[in-house]
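These notes are about the structure you will find just below.
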Amino acid sequence: MGEPTSPVPKLGAKPAGTYLRNCWYVACWADALGEKPLSRVFLEEPVALFRDGDGIAHAIAGRCPHRFAPLGHGTVVDGALMCPYHGLRFDGSGACIHNPHPGGHLPDGRQQVYPLEERHALLWIWMGDPAKADPALIPDFSWLTDPRWEAVRGATLAEGHYELYSDNILDLSHANFVHPALVASAFVEGERRFWQDGETVHAEYVRLDDTLSEGIGGMLGRLGQKQDFYGEVVWHAPAVLYFDFRAGEPGTARQECTLLPSLHAFTPETPDTTHYIWATARDFALGNAEFASGMRAALEYAFQQEDMPIIRDSHRLMRGQDFWDLRPLILNGDGGGVRARRMLQRMIDRESAS
Amino acid sequence: MGEPTSPVPKLGAKPAGTYLRNCWYVACWADALGEKPLSRVFLEEPVALFRDGDGIAHAIAGRCPHRFAPLGHGTVVDGALMCPYHGLRFDGSGACIHNPHPGGHLPDGRQQVYPLEERHALLWIWMGDPAKADPALIPDFSWLTDPRWEAVRGATLAEGHYELYSDNILDLSHANFVHPALVASAFVEGERRFWQDGETVHAEYVRLDDTLSEGIGGMLGRLGQKQDFYGEVVWHAPAVLYFDFRAGEPGTARQECTLLPSLHAFTPETPDTTHYIWATARDFALGNAEFASGMRAALEYAFQQEDMPIIRDSHRLMRGQDFWDLRPLILNGDGGGVRARRMLQRMIDRESAS
Amino acid sequence: MGEPTSPVPKLGAKPAGTYLRNCWYVACWADALGEKPLSRVFLEEPVALFRDGDGIAHAIAGRCPHRFAPLGHGTVVDGALMCPYHGLRFDGSGACIHNPHPGGHLPDGRQQVYPLEERHALLWIWMGDPAKADPALIPDFSWLTDPRWEAVRGATLAEGHYELYSDNILDLSHANFVHPALVASAFVEGERRFWQDGETVHAEYVRLDDTLSEGIGGMLGRLGQKQDFYGEVVWHAPAVLYFDFRAGEPGTARQECTLLPSLHAFTPETPDTTHYIWATARDFALGNAEFASGMRAALEYAFQQEDMPIIRDSHRLMRGQDFWDLRPLILNGDGGGVRARRMLQRMIDRESAS
C-alpha cells in the first residue's frame, strides 16, 4: 500500500501546441529519480523515467503498448521498468525484455526512447530526433554540482504557457511589483540592456549605489547598506534561463561582487501547464541549514505564491489566443522576452520546414 | 504577503453567450469595493473595479494591454489603478498615466471604460454603449440606503444561467418545495397574477388568513398567527428583481402590512455562472445584531444551500441546449418567467438589429 | 435541512458514446433505494429511481419536463415522485398525476419509463426498448440473496470507460501486479483458458498446489498452506461479471473447494465514468461482523485504491481514442477481454442495424 500516485493529466488525441523538439528540456532534478520511476508528461507526451541496475537514468514512452497503463507508475525489477498493470518489463532501449504471461512471447516493437542526460544535478531530456541529441548543447550549469556552491532548489507544476514563464524571468522589472519583499525598485529604475548572442538572449540590469530590498539585503547580511548591483539573465531555447545576480560595496568591480547564480527552467507539460524547476546558489553560509531553509522558503514563496498566480491569470486572460494576435503593448522591459519569442519561433519554423 | 487572489475564470476566445448590453447590471455592493480593487468577469469580459483618490468608483477593461495581467488584482497608487505585474497605471478614463519603465513613454491606447454608477449602496455597471448609459434607468432600490430600513445582504457566485435565477424569483411557488422552513404553502395555494408594464414584468401572490411558515412567522414574531400576506415581484431587464413581501393581521390594508423588501440581482459571469447579489430589509428590530445575524443566516442558507444546487443541476440537465428548444412544460407559476424571457429576448434582438 | 445532494454530472447536448441498449444494467443495490429517491446518470441519460407506496422500485427520466430539475433529488409523496423544484408528481408509469398549482391541469406527456427489476438484491435497469425487457435475461446472482451466503459489497463511481473495467476482471493476471496483498503469482503462472459460450465469455484460471497470497490465505484461514485453486470469470454483455473463486487442499475436487463468489457490475455513466457495483460472498464465518468488516475493507481498498487509479490513468492515456485504433499489444491474458469486446461490438452493431 504505497502513497497514491497523482493522476495523469487529461490530454487530447492530438497535441494542441507546437513545440521545439530538437533541444534539451529539463525533465527533473536528478535526485528526484531514485529507485522509484517517475511518470511525467512533456510536450503533451507521456514519458516514463527510471534508473536501470547501474543507476543510469532512462526515458521511454510512458504509455504501455499493451493496455495503456502509465509505465512511470511501475517499478524497477532487475534493472528494467515493469508495467504496474500486467507486468511487462522494458529496458532502457525501449525493448520489452520480459513477458510474465504464459508463452512469454516478447513483442517486436519498442517503446520510443528519449535521449536523457544526467548533468549539473539535472536530468535533461531530448524530445526530438535522437540522432541530433548532442549533450554538448546542454547549457552550462556546473555551479549546481560545484562544491564551492550550495543551492536551494525546487520544482513544481505551474499553470500557464511556458513562454509566459520565461518572459517573466527575462523582464526582471516585474520583481518590483510582484515580489516587493524580495527586490526593490532597482530592476525598474536601473539601466537595462538586451541583446542576442547566437541563439542565446541576454537581459542585463545595472544599478549603482542603491539600497537593496529587505529580502536580498537580509540574505546577503547587508540590510540598509547601499550597494552596486548587476543582474544578467541568459535565455537558452526554448525556456532554460540562467540568472546571474551580483551585489557589492559601491565601486566594487563586477567580477568581485557577491554572486547568487540561479536556474529557472520551464518545460511544457501541455500548452496550459509548465514544469518549473529552479535553484539559487550561494558561496557563503555553506552548510548553514537554517539559512538555507529561510532562503528556500523566501524563493519558493516568491515563485509559487507571487509569480505563478499572476502568470496563471494572465494565461487565462489570453483566452487561448495567440500572443501576437493580442497585440501586446511593448515596454522597455520586454526587450529580452520579445527577442526570445522571435528566436524560438524561428527555431520552430526552421525545424518544421526540415 | 496578502491573502491569495481567486483565479480568473477560464474563458473562451469568443463569448459563448449573447447578452443584453445596454442596461445596468449590478457589479457588486458598493462597500465591497474599498481601497483594494476588484477583479470580476461580467458577460465573459474581464473588468477591473477601483476607487480613485476621491473615492469615485471606476470600471475599466480588466486585462492589462501589456502582458494581460488582471488589473483588478493590482493596487491603487495616487488614485490610479496600478497593474500588479509591471506597474503601468491607469486612471478612470482608461488612460495609461504612468509607465515606471525607462523612457516612461505612455501608450496612446486606452482601456475600455464601463460606465459605473454608485447608487442604492450598489455599484451598477453598463456593459454596452457608454453614450446610452443613463443613470435614470437604474431601478429604484432607495430603501437600501434609507435609514428607516435595515438590510441583511450577501453576494456569491452561483453555477447556472442567470435567467434560471430570475425565473426562480418570479415563480415564488418554488419556495414551498425548495424552502420548507422559510415559506409555507401560501405561494402555491394563494392567488397569483402576472402582468407586464412597459419593460417590467410583475408577479403577484396574495393569500389571506393563512398561517405563515415557521421561518417568516418567527422573523415577524407572529409564529402560529393567521395573517394576510402579499408578495409582488418586479423584474427589470435583464435580471434585477425587487420582491415586495407584506404580512399583517387578517383584514389589514395591504399598505399597512409589515413590509420586507428584497433585492435579487443576477449578473452573468459566463453562460454557466452568475453573480448573485441579494438583500432583504426590515423596519423593525433596527440595530438588533442578533436578529440581523439570524435573518441573514436563514436567507443565505435558503439561497446558497437550497436554491443554488437545484438551479445548478437544472442548468446541467439542460445540457447546453436552448431553453425553448427543450419545450418546457408551462405551469401557472411560469407567467412571470415566461414574460421576462420573452421581453429580454425582444430587447436583445432589438439591440442586435440596431 | 437535509444533507447536500451531489451535483448532476455535466453532460453534452448529445451522447458522446455508443451503448448497448437492449440489455440489463445494474442500477444500484436494491437497499440503496429506500424512501429517498436516487438521481443517477446511465448511458449519459438522467434517471430518477424511486419506490412507490407498495415499495415497488421504478425508474423514469430524471429531468423534470417543467424546469429540468433532477427528479431524483425529489421526495416520494403518496407513492409518487415529487419534483424538488415546483412539486409536480409522477407515478411509476411516468404520468404526471398531481400538479399543485392553480388549475391543477395535468400535462398530457409522460416521462420516459425504464423497465426496472429488483432481483438478487440489485435493481436492474433496461435502457432500451421496453418491449424487449425480458427479466429472464438477468444473469443469475441468486447467491446474493441466499441465506447460506453472506456478502460484503460496495458501489462507487469510477473514472474510466466501462470496458476497461470489465477487461480488468477478465484478465485476472493483473492481480499479481496491482493487488500484491490480495493475490499471489498464481493468476500469472497458472493455466488459463478463454472461451465463448453463446453470448457469455469465460476466463478460467487453474493453479494447483501453490501458496495463496497473504490476503486470500488469511481470509480463508489457510495462511502459508499450499492449495489448489480455480478461478472462473463469466462475462455478460455489456459488463456484468461473475467471478467464481475456489480453493482447497491439494487434490480436493473442484466442486468441493471453498467458494468465494463475486459480482463485478459496470454501468456506464458517461464514456469517461462508470458505476462500479461489487460483492464477494462466503459461506463461512457467517454473522461475524469483524471478519466481514476486514474482508470488505480489503476488497474496497483493492478496487478503489489499486484498480481504479490505474484504469483512470490508462483511460486518460488513451486520449479519447478508439481502443483498436491504438493497436494494443495482445497478450495471453487478453483472451477474455478481446472476446468480450468483439461480442459487445457485434451486439451494438446488430442493435444499430435493426
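The values are calculated or read from the model by the stated rules, or taken from the named source; none is laboratory data. As the structure is a computational prediction, the values presented were derived from the model and not from experiment. Glycine gets a Cβ as well: all are built from the backbone with ideal geometry, and neighbour counts include every protein chain shown. With ligands, DNA and RNA removed, areas are computed over all heavy atoms of the protein, side chains included. Shrake-Rupley method; radii C 1.70, N 1.55, O 1.52, S 1.80 Å.
Counting Cβ atoms of other protein chains within 10 Å of each residue's Cβ and taking the mean over peptide C:77-87 gives 4.
A simple charge model with +1 on the Cβ of Lys and Arg, -1 on the Cβ of Asp and Glu and nothing else charged puts the dipole of region A:157-273 at about 380 debye relative to its Cα centre.
Between A:F323 and any residue 5 or more places off or on another chain, the built amide H atoms are never under 5 Å apart.
Sorting C:T211, C:T145 on solvent-accessible area from highest to lowest, probe radius 1.4 Å, gives C:T145, C:T211. Normalised by 2.2 N^0.38 Å, where N counts its residues, the alpha-carbon radius of gyration of the protein assembly as shown equals 1.08. Between identical copies, the spacing of C:R110 label points, each set 7 Å from Cα toward the C-beta atom, reads 6.5, 6.5 nm from nearest to farthest. Working from label points 7 Å from Cα in the Cα-to-Cβ sense, the B:D129 to C:S293 distance is 7.3 nm.
Ranking C:H105, C:L116, C:L81 by how far each Cα lies toward the positive end of the dipole of region C:42-163 (charges on Cβ) leaves C:H105 at the top. Rg/Rh for region A:268-317 (Cα atoms only, Rh after Kirkwood) is 1.12.
With its label point defined 7 Å out from Cα along the Cα-to-Cβ axis, A:L157 lies at 2.2, 2.2 nm from the matching points of the other copies, in increasing order.
Using the Cβ-Cβ distance between A:D283 and A:D54 with R0 set to 35 Å, the FRET efficiency works out to roughly 0.60. Shortest first, A:P135 label-point distances to identical copies amount to 7.3, 7.3 nm, with the label point at 7 Å from Cα along Cα→Cβ. Within the accessible area of chain A, the carbon and sulfur atoms contribute 49%, probe 1.4 Å, all protein chains present. Closest approach of a chain A Cβ to the axis relating A and B (residue, whole Å): A:K10, 8. Neighbouring Cβ atoms from other chains, within 10 Å of the Cβ of residues in C:106-113, number 1 on average. Within region B:297-314, what residues put their amide N at less than 15 Å from the label point 7 Å along the Cα-to-Cβ vector of B:A32? Within reach of a label on B:A32, which here means backbone N under 15 Å from a point 7 Å along Cα→Cβ, region B:297-314 contributes B:300, B:304. Eigen-decomposition of the gyration tensor built on the alpha-carbon atoms of region A:202-354 gives equivalent ellipsoid semi-axes of 32, 19, 16 angstrom, largest listed first. Each Lys and Arg Cβ is given +1 and each Asp and Glu Cβ -1; about its Cα centre, region B:26-137 then shows a dipole of about 320 debye. Under a Gaussian network description of chain A, with springs only between Cα atoms under 10 Å, the residue in A:L223, A:L157, A:L123 that fluctuates furthest is A:L223. Note: relative contact order over chain C, using C-alpha pairs below 8 Å and six or more positions apart, is 17 percent.
Here the 3J(HN,Hα) profile of region B:194-203, calculated from phi with Karplus coefficients 6.51, -1.76 and 1.60 at θ = phi - 60°, is 10, 7, 10, 9, x, 9, 9, 10, 10, 10 Hz, Gly and Pro shown as x.
Residue by residue, region B:72-81 carries 3J(HN,Hα) couplings of x, 9, x, 9, 9, 10, 6, x, 10, 7 Hz when phi is fed to the Karplus relation 6.51 cos²θ - 1.76 cosθ + 1.60 (θ = phi - 60°); x denotes Gly or Pro. Global dimensions of region A:26-137 from alpha-carbon coordinates: Rg and Dmax equal 13.4, 46 Å. Treating r as the C-beta distance of A:S6 and A:D210 and R0 as 41 Å, the FRET efficiency rounds to 0.40. Among the DSSP helices (H) of chain C, those spanning at least 20 angstrom by Cα along their long axis with an average Kyte-Doolittle hydropathy of -1.0 or more are C:335-353; this is a geometric and hydropathy rule only. Ranking A:D272, C:D91 by solvent-accessible area of protein heavy atoms (1.4 Å probe, all protein chains present), from largest to smallest, gives A:D272, C:D91. In order along region C:100-115, phi translates into HN-Hα couplings of x, 8, x, x, x, 4, 9, x, 6, x, 10, 5, 4, 10, 9, x Hz, rounded to whole numbers, per the Karplus curve 6.51 cos²θ - 1.76 cosθ + 1.60 with θ = phi - 60° and x for Gly and Pro.
Taking a point 7 angstrom from the Cα of C:E199 along the C-beta vector, which residues in region C:16-35 have backbone N less than 20 Å away? Of the residues in region C:16-35, C:18-28 have backbone N under 20 Å from the label point off C:E199. Comparing C:G320, C:M343, C:I310 along the charge dipole axis of region C:304-345, the residue lying farthest to the positive side is C:M343, per the Cβ-charge model. A simple spin-label model places pseudo-atoms 7 Å from Cα toward Cβ; at B:K226 and C:A181 they are separated by 6.7 nm. Charge dipole of chain C (Cα centre as origin; +1 on each Lys and Arg Cβ, -1 on each Asp and Glu Cβ, all else neutral): 800 debye, rounded to the nearest 20. The alpha carbon convex hull volume per residue for region C:78-135 rounds to 103 Å³. The mean sequence separation of alpha-carbon pairs under 8 Å and at least six residues apart, normalised by the residue count of region A:26-137, gives a relative contact order of 23 percent. Measuring r between the beta carbons of B:R350 and B:Q304 and using R0 = 45 Å, the FRET efficiency lands at 0.80. Relative to its residue count, chain B spans a Cα convex hull of 153 Å³ per residue.
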